[in-house]
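Take a look at the structure below.
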Amino acid sequence: MAPVMREAHNIYLPTLYPIEEVIPETGDIKTYRLNASQGSFSYQPGQFAEVFVPGTGEAPFSITSSPTQEGVLEFSIKRTGCVTDAIHRANAGDVFGVRGPYGRGFPVEDLRGRPLLFVGGGIGLAPLRSLINYVLSSQKRKEFKDVIILYGARTPQDLVFQWELSKWEERSDLELFTTVDRGDEEWKGRVGLVPNVMKENISVDPTQWKAIVCGPPIMIKFTIKALQEMGFQPADIITTLEMRMKCGLGKCGRCNIGPYYVCKEGPVFTFEELSRMPEEY
Ligand SMILES: Cc1cc2nc3c(=O)[nH]c(=O)nc-3n(C[C@H](O)[C@H](O)[C@H](O)COP(=O)(O)OP(=O)(O)OC[C@H]3O[C@@H](n4cnc5c(N)ncnc54)[C@H](O)[C@@H]3O)c2cc1C
Ligand code: FES
């Protein structure tokens, strides 16, 4: 049989992908699983794409699926305005336009062979999830060492990917801590801010571990401070920024911090790299 030739994927042109499933996460966040089996969209954990509903504008979103899941593209999207409103009205069977992938993802080569501490807050778990599932995949797991995941949200109702957190909890090759800022009558788990829970419960050798952090800016700020108090060096702390973006391609200048374009040089940076930037992020 003649080999099937696939056309090279063009990152500048949008491709339409059908929505296979819509997973409600919280009151204002939904995860969209797209069927990307047609075409050759390939990406690294931590990269993002511009997503649109035909007839409306587009916006950048982290790819939350792992590249190890073939033929699948997932985005977790919070409803905040015009584009995300249109996205939230879409249902399984509708199509999304996707162009990308863009940006510099997580430094997978530097993380290989190291124990990894993931710290996520709110919808900030979305970009981390791509790398977490990459590391946990049967193809890649043996290339990485111990894994600890600390995930927090404001309330139990704000925890995303609860359907997957329970799967991670069952695994013997990782440790999962979840916490909320404010519990309720039904919540039997931990209550406390992410940086405090981290300092109280996690003790690791900071010369060996790498920390990967994503969440609201205030959480990132205090988590990085806590990691430094634990002895982590700035080069071993990695985070991903969500600046305002338009083109995603380094052309429009919307996302710059001083001379840096976050859409091209980021969105993933080490804290050492961020420390060299003007304080605008
Ligand atoms: C690299 C990158 C990855 C992202 N990943 C995700 C993701 O995985 N899931 C997700 O839900 N969102 C993500 N975002 C944010 C997302 O792009 C914005 O929420 C979206 O552009 C809002 O579009 P809108 O037209 O619905 O809202 P708009 O009408 O443009 O704005 C509505 C409100 O959202 C605020 N807003 C707009 N853009 C941003 C932004 N970039 N950061 C913070 N607030 C913003 C505005 O100030 C306004 O208050 C990401 C952004 C970037 C740059
Ligand atoms: S979003 Fe246009 S230059 Fe970065």
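The values are calculated or read from the model by the stated rules, or taken from the named source; none is laboratory data. On a predicted model such as this, the values are computed, not experimentally measured, just so you know. All Cβ positions, even for glycine, are placed from backbone atoms using ideal geometry, and neighbour counts span all protein chains on display.
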Legend entry - Some residue of segment 84-102 being surrounded by 15 or more Cβ atoms within 10 Å (Cβ to Cβ) and closer than 24 Å to LYS221 by Cα: no
Inset, instruction - Provide a single number: the residues in segment 103-123 that are buried (at least 19 other Cβ atoms within 10 Å of the Cβ) and either of a type in the set (S, T, N, Q) or within 16 Å of ligand 1 (Cβ to nearest atom) (or both). - result: 8
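Only one residue in GLU50, GLU58 is within 15 Å of ligand 2 (Cβ to nearest atom) and without any contact (Cβ under 8 Å) to a residue 60 or more places away in the chain. Which one?
Working: GLU50 fails: without any contact (Cβ under 8 Å) to a residue 60 or more places away in the chain.
After ruling out the rest, the residue left standing is GLU58.
A quick yes/no check of all residues on (1) outside any loop (DSSP other than H, G, I, E, B); (2) within 18 Å of PRO14 (Cβ to Cβ); (3) outside the structural domain of GLY215 (by TED's automatic domain parsing):
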{"residue": "PRO45", "(1), (2), (3)": "no, no, yes"}
{"residue": "PHE61", "(1), (2), (3)": "yes, yes, yes"}
{"residue": "THR64", "(1), (2), (3)": "no, no, yes"}
{"residue": "ALA86", "(1), (2), (3)": "yes, yes, yes"}
{"residue": "ALA92", "(1), (2), (3)": "no, no, yes"}
{"residue": "VAL98", "(1), (2), (3)": "yes, yes, yes"}
{"residue": "PHE118", "(1), (2), (3)": "yes, no, no"}
{"residue": "GLN157", "(1), (2), (3)": "yes, no, no"}
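Could we say that LYS246 is within 16 Å of ligand 2 (Cβ to nearest atom), under 30 Å from ILE11 (Cβ atoms) and part of a helix (DSSP H, G or I) here?
Numbers: within 16 Å of ligand 2 (Cβ to nearest atom): yes; under 30 Å from ILE11 (Cβ atoms): yes; part of a helix (DSSP H, G or I): no.
Against the criterion (within 16 Å of ligand 2 (Cβ to nearest atom), under 30 Å from ILE11 (Cβ atoms) and part of a helix (DSSP H, G or I)), LYS246 does not qualify.
For segment 238-270, what are the residues that are more than 16 Å from ligand 1 (Cβ to nearest atom) and either modelled with pLDDT under 95 or in the same structural domain as GLY121 (by TED's automatic domain parsing) (or both)?
Let us first name the residues in segment 238-270 that are more than 16 Å from ligand 1 (Cβ to nearest atom), namely 258-259, 270.
Once the filter is applied, which keeps residues that are more than 16 Å from ligand 1 (Cβ to nearest atom) and either modelled with pLDDT under 95 or in the same structural domain as GLY121 (by TED's automatic domain parsing) (or both), segment 238-270 yields GLY258, PRO259.
Is one or more of the residues making up segment 238-255 basic (Lys, Arg), within 20 Å of LEU131 (Cα to Cα) and surrounded by 13 or more Cβ atoms within 10 Å (Cβ to Cβ)?
Step one: list which residues in segment 238-255 are basic (Lys, Arg), which gives 244, 246, 251, 254.
So of that shortlist, the ones also within 20 Å of LEU131 (Cα to Cα) come out as none.
No: segment 238-255 contains no residue that is basic (Lys, Arg), within 20 Å of LEU131 (Cα to Cα) and surrounded by 13 or more Cβ atoms within 10 Å (Cβ to Cβ).
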